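See structure below.
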Amino acid sequence: MYQPLADRLRPNSIDEVVGQRHILGEQGVLRRIIQGGNIPNLIFYGPSGTGKTTVAEIAAAQMHRPFHRLNATTASLADIKAITADVGTLLAPEGVVLYLDEIQYFNKKQQQSLLEFMETGKLTLIAATTENPYFEVNGALLSRSVIFELYPLSREDVRELILRAVYDEKKGMGGYGAQIDEEAVEFLADLAGGDARNALNAVELAVLTTTPSADGKIHITLDVASECIQKRVVR
């Protein structure tokens, strides 16, 4: 089954996360929260490709409760009821964790349907949004959540991810014999705009569409990198 490169490279621990040092660094408050294991309701906001889903999954894994994912663009009240129906049963005696992506698309009634279970602690909400939650999310939800802003990745952060993507033989494209020129790395790091997914998608496209050289290696040159990231932008 096909699994995108960006998904294969998704970190499984805080130490593997690139960027967000202001909250995940050695003394970062979110790092301390996650390591402590007592996870409150959380709302992450920031641009695409900054690690919101990754950090949410790492946090949820510490709770050892049934984990559910919804995207607010397609989820309904019925989906919420199906998840909360397990609360207090043998399926979820200690409660559930709900990761809700794009929470700003939930209407007032949908957001309020979560409050009863959040107040009892039987539902831990970990939500993500690209919008400022103070303008887009129900005040009652905000008052019951700890809010963290995630920043665009630095150029050096993106550069690190590109090299990991190209040369990691287990999760990355190293198994294809991929190599990348330094100028291509710098180019992709510049044009990614702090979006890890944008850079990783360009690397994957470059490897999968480039014919191996006589040495059997796939060389990602500046020309190849330029063509592939432009295709990502057009799409």
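The values are calculated or read from the model by the stated rules, or taken from the named source; none is laboratory data. Note that the coordinates shown come from a computational prediction; the quantities given were computed from them, not determined experimentally. Virtual Cβ from ideal backbone geometry, glycine too; neighbours counted across all protein chains shown. To get the accessible areas, we keep the full protein, side chains included, count just its heavy atoms, and leave off ligands, DNA and RNA. Shrake-Rupley method; radii C 1.70, N 1.55, O 1.52, S 1.80 Å.
Residues in the range 211-226 carry Karplus couplings, in order, of 6, x, 7, 4, 7, x, 8, 9, 9, 8, 8, 4, 5, 5, 4, 4 Hz; the curve used is 6.51 cos²θ - 1.76 cosθ + 1.60 with θ = phi - 60°, and Gly or Pro positions show x.
To put it simply, the accessible area of the range 102-149 at a 1.4 Å probe is 46 percent carbon and sulfur.
Heavy atoms of the protein chains alone define the surface here; on that basis the range 135-219 has 49 Å² accessible area per residue at 1.4 Å probe size. Altogether, the Stokes-Einstein calculation at 37 °C and 0.692 mPa s, with the Kirkwood radius of the chain over Cα pairs as Rh, returns a diffusion coefficient of 171 µm²/s.
Sorting the Cα pairs of the range 69-181 by distance into bins of 5 Å, from 0 upward, gives 2, 10, 17, 16, 12, 9, 9, 11, 9, 4, 1, 0 percent per bin.
Label-to-label distance for Gln35 and Phe67 is 2.0 nm, based on points extended 7 Å past Cα in the beta-carbon direction. Please check: in the Gaussian network model of the chain (C-alpha springs, under 10 Å), which one of Glu116, Glu149, Glu94 has the largest mean-square fluctuation. The residue that fluctuates most here is Glu116.
Of the listed residues Val203, Val87, the order by accessible area with a 1.4 Å probe, largest first, is Val87, Val203.
Averaging 1/r across all pairs of distinct Cα atoms in the range 1-59 and inverting the result yields a Kirkwood radius of 12.3 Å.
Which residue, chosen from Gly216, Gln35, Leu5, occupies the Cα position most advanced towards the positive end of the dipole of the chain, where the dipole is computed from +1 (Lys, Arg) and -1 (Asp, Glu) charges on Cβ about the Cα centre? Final value for the positive-end residue is Gln35. For the range 71-115, the solvent-accessible area of protein heavy atoms averages 50 Å² per residue (probe radius 1.4 Å; ligands and nucleic acids excluded). Would you please give the FRET efficiency between Ser213 and Leu91, computed as 1/(1 + (r/R0)^6) with r the Cβ-Cβ distance and R0 = 41 Å, to the nearest 0.05? The formula returns an efficiency of 0.15 here. For the listed residue pairs Lys52/Lys109; Lys108/Lys171; Lys52/Lys81, the alpha carbons are over 32 angstrom apart in Lys108/Lys171. Using the Cα coordinates of the range 8-127, the gyration tensor eigenvalues translate into equivalent-ellipsoid semi-axes of 25, 17, 12 Å, sorted from longest to shortest. Listed values for the range 8-24 are Karplus-derived 3J(HN,Hα) couplings in whole Hz (6.51 cos²θ - 1.76 cosθ + 1.60, θ = phi - 60°), namely 4, 7, 4, x, 9, 8, 4, 5, 8, 6, 9, x, 6, 5, 5, 10, 10, and x replaces Gly and Pro. Peptide packing for 208-217, 45-54, 161-170, 139-148 was compared via the average number of neighbouring C-beta atoms within 10 Å per residue; ordered from the highest value, the list is 45-54, 161-170, 139-148, 208-217.
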